[in-house]
Amino acid sequence: MSETIDTLLSEDRIYSPAPEFRAQANMDDLSVYEYANTDPEGWWAQWAGRLDWFEHWTKILEWKQPYAKWFLGGKINACHNCVDRHVIAGRGEKVAWIAEGEPGDVRLFTYSDVLREVQKLANALKALGIQSGDRVCLYMGQGPELTLSMLACARIGAAHSVVFGGFSATSIHERINDASAKLVITADGAWRRGKIVELKKIVDDAMAMGCPTIEKVLVYERVGAPGTLTNGLAAPEYDRGVWDDSRDIWWHDLVPNQPAECRCESMDSEDLLFILYTSGSTGKPKGIMHTTGGYLTGTSATSYCVFDYKPTDIYWCTADCGWITGHSYVVYGPMANCVTQVLFEGAPDTPDKDRFWRIVEKHKVSILYTAPTAIRTFMKWGEEYPQRCDLSSLRLLGTVGEPINPEAWMWYHHIIGDGKCPIVDTWWQTETGAIMITPLPGMTDTRPGSATRTFPGVYATIYDEEGNDLVRTHGLPVGGLLVLKRPWPSMLRGIWGDPERYEKTYWSKFSDAYFAGDGAKLDQDGFFWLLGRVDDIMLVSGHNISTMEVESALVDHPAVAEAAVIGKNHDVKGQAISAFVILRGNVTGTEALNAEIRAHVAAKIGPLARPDDLFFTAELPKTRSGKIMRRLLRDVAEGRALGDVTTLSDPAVVSSLKSQYEDKEG
Ligand code: 6R9
């Protein structure tokens, strides 16, 4: 792509923060942007200063591109900052977690409870031979034992590597060996749509493939043996794996008997806090490394400013701790701010499609942070589900993970937020550790579909392929490649075991900036619009067109709930646009509707973007974290064998699309 990206979609609706919201907001002074921009180090140091340090840093930043060190010489512990210091300050009785299991069981943990449990677990890890500097693999369902395990590792200075509890034995095997983990913490199972994810059995399978560095497997009994009553629940039939006495230990046999006190290890600011693997589009997963002081500074500062926490808030981030969003905005950011939050184990449609809204109503959730893919699914299911529930406790809504189409934004705003909640559309990555582009809800005007401005202190701009800063050379509006120009505290410190890949992936395309891999545009008012991964951008008759804009125009049609668009090889145009569309509720896909929707795109953003073909489908291929896998749709459309499908959440979706496509073509 040598030209700029054509920007087709325009959006003029502006929502300013309501005066009542602004009046109570944590951040209400627009001058922070300028202050943070002129003195980014001073700005970040101020946020670091809100944390408890065992020893103060001697230098804020050392930057030898692409390697940053933040708060050099500082000594700190992440668990202490997320737990102990709140108890020491007299906030121990505050509820930390409202943990709701899928079957409906609810457990409350105060910060004092978390402190007690985490110390016992940390002592148990030590008893199993885990020391500062070791790696521990966590493979569990979403719930208090997973978050406790992360904090217990942090407490003793071991790095956690969480593997999402839906990945296969092969994925666990690969990640354990890459990180040379010594211990696995897992559970017998996790509830998912009324069935059991056989976590322990899958770990057994991974062990059978050969994990020479693993010494022990610690197993939490979440589900219990089939047919028995455990935690008040009766488990259905499932495979619990095979117990290996020399390797496997029950959590309940070890943890409760441990001494109640375990000192927090004093860690260097730059000591490794965790590794989290991202699959990326090709090749073997990358173990993204995050360290302690800077990561905690970035996540706690953004949490406070973006989510506007007040002591009375009930916050719910629906992400699983298997993803970065769960690390930064379930565990470290919110807990460093002593927040009360909901942890939910299950799926949004179990027992019914109103489960999320039942949870909001029951626990009086005031801040909800979820993904556009979930919102579009709720749109497809229809308004009746949220409308059954009292959502009046909500005061702030957030999204992350993909661009949110303006229509989905409007739906979220009206149907969930009752028109009164600001929406924070937050752009960031596993690699950035914390939110980079976002509104600050008390002071930033928002536009449906735009992530608005950089977080104060962050410097993002738009480059072309040659590394020219298009904002300087071209002016606004402009579209191109999103880059970050200066180091930030929560940035990744590397890829575990592969410094070359780190340099090549993020720092080789441009000599003076971090390349995020995303396309973006800046509109005439300086608002950022994320256009998706650069690999997905289409080249149609010489124009670079983002899939996101065509998808948004599709979703803008009242019959459409969700859409994915790809460029398919075409003799004349280079690429032709193919669209895959999920219809809302009970709408039926007819030939007439097909033509009407394609015409709608042409009318909305121009004839160039009219899809050549459009397929109705019931599902789209998505990663397990809910991102659309356009690469697989391209394989389908171009009649290729399917590429790597290991990160796909439901492989059946693609095979059914493939046969539908072949029927049409044939
Ligand atoms: C936090 C997370 C990162 C990629 C990122 C981009 C996409 C995330 C977005 C967004 C548009 C947003 N992305 N947030 N695109 N608007 N608000 O999702 O991390 O799983 O590493 O994915 O997700 O493409 O580059 P990760």
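Taking the listed residues Val217, Val223, the one that is assigned to a strand (DSSP E or B) and in contact (Cβ under 8 Å) with a residue 12 or more places away in the chain is Val217, with no other qualifying.
For residues that are among the small types (Gly, Ala, Ser) and within 9 Å of the ligand (Cβ to nearest atom), scanning just the range 520-534, find the one that is nearest to Leu482 (Cα to Cα). In this case the residue turns out to be Ala520.
Summed over the range 399-443, the residues that are in contact with a Leu (Cβ under 7 Å, 6 or more places away or on another chain) and of a type in the set (Gly, Ala, Ser) give a count of 2.
Output the residue which, of all residues in the range 190-210 that are on the phi > 0 side of the Ramachandran plot and out of contact with any His (no Cβ under 8 Å at 6 or more places or on another chain), is most open to solvent (accessible area, probe 1.4 Å). Please lay out each step first, then the result.
To start, the set of residues in the range 190-210 that are on the phi > 0 side of the Ramachandran plot comprises 193-194, 210.
Retained after the next criterion (residues that are out of contact with any His (no Cβ under 8 Å at 6 or more places or on another chain)): 193-194.
Numbers: Arg193: 120, Gly194: 42 Å².
Taking the candidates together, the pick is Arg193.
Across the range 404-441, what is the total count of residues that are of a type in the set (Phe, Trp, Tyr) and within 12 Å of the ligand (Cβ to nearest atom)?
3
From the list Asp105, Asp52, the one residue that fits, being open to solvent by less than 60 Å² (accessible area, probe 1.4 Å) and acidic (Asp, Glu), is Asp105.
Any idea which of Pro236, Pro256 is in the same structural domain as Gly157 (by TED's automatic domain parsing), under 30 Å from Leu115 (Cβ atoms), touching a residue at least 24 places away in the same chain (Cβ under 8 Å) and part of a loop (DSSP other than H, G, I, E, B)?
Working: Pro236 fails: under 30 Å from Leu115 (Cβ atoms).
On inspection, the qualifying residue turns out to be Pro256.
Take Arg193 and decide whether it is touching a strand residue (DSSP E or B) at 6+ places or on another chain (Cβ under 6 Å) and more than 21 Å from Ser132 (Cα to Cα).
no
Evaluated against (1) modelled with pLDDT of 95 or more; (2) surrounded by 21 or more Cβ atoms within 10 Å (Cβ to Cβ); (3) of a type outside the set (A, V, I, L, M), Phe167 falls short on exactly one condition, (1). With respect to the stated conditions, Thr318 is open to solvent by 10 Å² or more (accessible area, probe 1.4 Å), more than 21 Å from Ala152 (Cβ to Cβ) and touching a Phe, Trp or Tyr at 6+ places or on another chain (Cβ under 9 Å). One residue stands out in the range 384-403 among those that are open to solvent by less than 10 Å² (accessible area, probe 1.4 Å) and out of contact with any Lys or Arg (no Cβ under 9 Å at 6 or more places or on another chain): the one that is nearest to the ligand (Cβ to nearest atom), namely Thr399. Restricting attention to the range 495-519, the residues that are more than 26 Å from Arg634 (Cβ to Cβ), within 16 Å of the ligand (Cβ to nearest atom) and open to solvent by 30 Å² or more (accessible area, probe 1.4 Å) add up to 1.
Only one of Thr377, Thr373 is farther than 28 Å from Val118 by Cβ, within 15 Å of the ligand (Cβ to nearest atom) and in contact (Cβ under 8 Å) with a residue 40 or more places away in the chain; which? Before you say what the answer is, go through the steps one by one.
Numbers: Thr377 fails: within 15 Å of the ligand (Cβ to nearest atom).
Just a single option satisfies the conditions, and that option is Thr373.
When the range 79-93 is examined, which residues are found to be free of Cβ contacts under 8 Å to residues at least 60 places away in the same chain and assigned to a helix (DSSP H, G or I)?
Residues of the range 79-93 free of Cβ contacts under 8 Å to residues at least 60 places away in the same chain: 85, 87-90, 92-93.
Of everything in the range 79-93, those that are free of Cβ contacts under 8 Å to residues at least 60 places away in the same chain and assigned to a helix (DSSP H, G or I) turn out to be Arg85, Val87, Ile88.
Rundown of residues vs (1) over 30 Å from Leu368 (Cβ atoms); (2) within 12 Å of the ligand (Cβ to nearest atom), yes/no style:
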position	(1), (2)
Met443	no, no
Gly449	no, yes
Glu465	yes, no
Asp469	yes, no
Arg472	yes, no
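Applying a threshold of 8 Å to beta carbon distances and a minimum spacing of six or more residues, or different chains, the list of pairs starting in the range 391-415 at a residue that is more than 14 Å from Asp425 (Cβ to Cβ) and ending at one that is within 16 Å of the ligand (Cβ to nearest atom) reads Leu394/Leu368. Contact map, the range 651-662: first residue under 14 Å from Lys622 (Cα atoms), second residue part of a helix (DSSP H, G or I) and not hydrophobic (A, V, I, L, M, F, W, C), Cβ cut-off under 9 Å, separation 6 or more or different chains; pairs are Val654/Asp635. The number of residues in the range 614-655 that are of a type in the set (Gly, Ala, Ser) and open to solvent by 50 Å² or more (accessible area, probe 1.4 Å) comes to 6.
Evaluation of Ile537 against the conditions (1) within 16 Å of the ligand (Cβ to nearest atom); (2) out of contact with any Lys or Arg (no Cβ under 9 Å at 6 or more places or on another chain); (3) at pLDDT 95 or above; (4) farther than 18 Å from Pro66 by Cα shows that the sole unmet condition is (3).
Any residue that is among the charged types (D, E, K, R) and surrounded by fewer than 21 Cβ atoms within 10 Å (Cβ to Cβ) - is there at least one of those in the range 283-290? Let's see the steps before the verdict.
Here is the first cut: in the range 283-290, the residues among the charged types (D, E, K, R) are 284, 286.
Those still in the list that are surrounded by fewer than 21 Cβ atoms within 10 Å (Cβ to Cβ) too: 284.
Yes, the range 283-290 contains at least one residue that is among the charged types (D, E, K, R) and surrounded by fewer than 21 Cβ atoms within 10 Å (Cβ to Cβ).
The values are calculated or read from the model by the stated rules, or taken from the named source; none is laboratory data. The shown structure was predicted, so the numbers you read here are calculated from the model rather than taken from an experiment. Virtual Cβ from ideal backbone geometry, glycine too; neighbours counted across all protein chains shown. In case anyone asks, the SASA skips ligands and DNA or RNA and just uses the protein heavy atoms, side chains included. Shrake-Rupley method; radii C 1.70, N 1.55, O 1.52, S 1.80 Å.
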